Structures are given as C-alpha cells and as structure tokens.
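Colleague: Please read through the structure below; I'll follow up with questions.
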Amino acid sequence: MRATSLRVGVLMGGSSAERDISLKTGHSICESLRRRRYTVVPIDVDVSLPQQLRAKKISVAFVALHGLGGEDGTVQGLLETMNIPYTGSGVSASAVCMDKGLTRVVLQAAGLPVPAGRTVQAPEIPSRPPSQLGWPVVVKPCTEGSSFGVSIVKKSTEWKRAVKKAFRYGHQAVVEKYIPGREVAVGMLGDITFPGVEIIAPGGFYDFKAKYGKAATRYLCPAPLTARLQRVLRELSEQAYFALGCRGAARVDFRIHPNGRPYVLELNTIPGMTGRSLLPMAAAQHGMTYDDLVEAMLHAALSKERPAVSHMTIKRGTQS
C-alpha cells in the first residue's frame, strides 16, 4: 500500500489524567507523518470514536493515547472489531501492562526480578505496609501513568495519606519496597532493543514535574553502564516484552540497586513521543531520527502478521 493511499488516524487526547501529554505526543506524530507525506487525520478521542473512524475512512490507527481508555486495551479492542490495524501492543498485553499489579504477577511467573510488594484494595487501608518491606516504600495506583498518584513513603505518618492519594486514581494500589540506586529505561521496537537511558531527577524522584515540567532532570543516553549490565538489561527487557506479549514500541523501566542488581518496575506499551520523551532519545542513539522511528512504528502496524521490525528493512512510503 502506497503512503499516499493511506489515511492515518492519529488517536490522541481522550479523557484520562494524561490527556495533555497525549495531545503533545499526538501532535508531534502528526507533524512527523506529514513530513513523510502521509495523509494524516488527527482524532481527539471521545465517545464518537467509532463514527469518526468510519466517517474519516481511517485505514490505519496510530495510537497516541496515554492512560485509561487508550492504553488499557479498550481502544485496541474497538480497532480489532472494526478491522483497523493499529500501532503498538494488542488487547491483552495492553490491559496487563496498564495494570501494575498484574504486570508484577506475569513478570514474577516468568522469573524476572521485581521489587518485593503487594496490591492493596480500596477502600480498606492497612494500618501499615507489609512488615517485610521495611521503609521506605513506593505507593502507586495500579492503572495510571506519568507518575500520577505515586508517593515515596519514608515513615508511618505518611502511609495513609499516600494510599489515599493513590486511590484517587482507582480502587487498587501497588505497594513496593523502594529500590535505591539508578533509574534506567530501555526502549524496544519489535526485534530492536535501543540503548538504555539513565534518568537523573532532582531529589531522586522522577515524578510528573521531573518528566514534563521545568525541573532540571538530566538524561544520559546511552546510559553509562558496564558491558555486563548493558547485556543484562537488554536480556531482561526482551524477556519482559515477550512474556507480556507486547508488539511494536514499548519501554521497560528499571531501578538498579547500588549492588548492581536490576529490578523491572513496569512496561509502557505506548511510550511518550514528545520532545523530552525517552524512546525517541534512545532511538537517536541507534541511528534513527524521530521521523524514522514514527514511520517504523507505523510499518509495524501495517505488517499483516505484525512481525518484529528491523530499521534496515524499512522503505519509505511502502508497506513493510
């Protein structure tokens, strides 16, 4: 299929807490696809999405949604029903990766290292976290991104406030042992594993302000890792990606303890694509421009069998 014959619907916005970030990601993707001469149809997602997809004759959907209602398998299920190919992971992988508690279960079953922890249910708030976790602990909503509702709890007087904060974003929260050390993200696109990006946030907490505000967050890409640790993170990323059934682009987030042991925190099936996002940063180190990356993600969606993508096999303006 020629690029000029495609009508690419870029799905963005939505109603989640991450709406504004989704709009930034979506607009950046639209500009990139236009530079590559695709016919682009921006769609701000609401309840009229099925009607918009039909009326605008969308032939492939580029999913740029973040959070509930877009990253959790619901939109993916609609697109499957309408027989519209789309970027990123399928229904089940999207749903599981959106739920941090379920992600932990799958990763543990696959033998991958995750921080010790458990899931707690609203409205009951335990009097304290499990004693074996010690202090500090991390409390985060099960189904939210961009660090919304996340707290690092260092003492008992902060505990109930942190859990209540997490419950504002859903009825489940994950409580994990805090892992000191370094934070590294590894991006993937099919069979490509990009160099890791080390994140050095002010105060050591990569929260919403550190991600998208004016905070003096530093990014080291490629992350200054030993050859052994680079290999271990690459292997763990690939194992996590395939254990969860991911497709297309994804990002695996790690904490690396001072003793050198890495822990998988979570997987993001729709990584951000803004000017400060980690996936484009890592892809650049792999030799892919932002436009190369966007087009590779699109070609992965168009491939009938959804195979792994190789940057070297992409031909501009044709179906891979």
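Colleague: Could you tell me whether the range 151-168 includes any residue that is under 23 Å from LEU65 (Cα atoms) and surrounded by fewer than 17 Cβ atoms within 10 Å (Cβ to Cβ)?
Modeller: yes
Colleague: Does GLY111 satisfy the criteria of being modelled with pLDDT of 90 or more and either assigned to a strand (DSSP E or B) or out of contact with any strand residue (DSSP E or B) (no Cβ under 8 Å at 6 or more places or on another chain) (or both)? Talk me through it step by step, then tell me what you get.
Modeller: Details: modelled with pLDDT of 90 or more: yes; either assigned to a strand (DSSP E or B) or out of contact with any strand residue (DSSP E or B) (no Cβ under 8 Å at 6 or more places or on another chain) (or both): yes.
Against the criterion (modelled with pLDDT of 90 or more and either assigned to a strand (DSSP E or B) or out of contact with any strand residue (DSSP E or B) (no Cβ under 8 Å at 6 or more places or on another chain) (or both)), GLY111 qualifies.
Colleague: Pick from GLY170, GLY149: which is modelled with pLDDT under 85, touching a Phe, Trp or Tyr at 6+ places or on another chain (Cβ under 8 Å) and of a type in the set (Gly, Ala, Ser)? Working first, answer last.
Modeller: Working: GLY170 fails: touching a Phe, Trp or Tyr at 6+ places or on another chain (Cβ under 8 Å).
Going through GLY170, GLY149 in turn, the sole match is GLY149.
Colleague: Only residues that are at pLDDT 95 or above and either farther than 20 Å from VAL63 by Cβ or not in a helix (DSSP H, G or I) (or both): list them for the range 89-103, please.
Modeller: Correct list: SER89, GLY90.
Colleague: Okay, next question. Of all residues in the range 233-263 being in contact with a Lys or Arg (Cβ under 9 Å, 6 or more places away or on another chain) and either aliphatic (A, V, I, L, M) or more than 16 Å from ASP191 (Cβ to Cβ) (or both), which is surrounded by the most Cβ atoms within 10 Å (Cβ to Cβ)?
Modeller: PHE254
Colleague: Let me ask you something else. Confirm whether ALA249 is at pLDDT 95 or above and over 15 Å from GLU183 (Cβ atoms).
Modeller: Yes; evaluated as a whole, the condition is true for this residue.
Colleague: Output the residue which, of all residues in the range 1-22 that are hydrophobic (A, V, I, L, M, F, W, C) and either modelled with pLDDT under 95 or closer than 16 Å to SER59 by Cβ (or both), is surrounded by the most Cβ atoms within 10 Å (Cβ to Cβ).
Modeller: LEU11
Colleague: Is it fair to say GLN121 is surrounded by fewer than 15 Cβ atoms within 10 Å (Cβ to Cβ) and not assigned by TED's automatic domain parsing to the domain that holds ARG255?
Modeller: yes
Colleague: Could you identify the single residue in PRO202, PRO180 that is modelled with pLDDT under 80, more than 20 Å from the chain's Cα centre (by Cα) and farther than 19 Å from ILE21 by Cα?
Modeller: Every option except PRO202 fails the conditions.
Colleague: Has the range 108-130 got any residue that is within 19 Å of the chain's Cα centre (by Cα) and more than 21 Å from TYR178 (Cβ to Cβ)?
Modeller: No, there is no match, as no residue in the range 108-130 is within 19 Å of the chain's Cα centre (by Cα) and more than 21 Å from TYR178 (Cβ to Cβ).
The values are calculated or read from the model by the stated rules, or taken from the named source; none is laboratory data. Because the structure is predicted, anything quoted here is derived from the model rather than measured. Ideal geometry is used to build each Cβ from the backbone, glycine not excepted, and the neighbour counts take in all protein chains shown.
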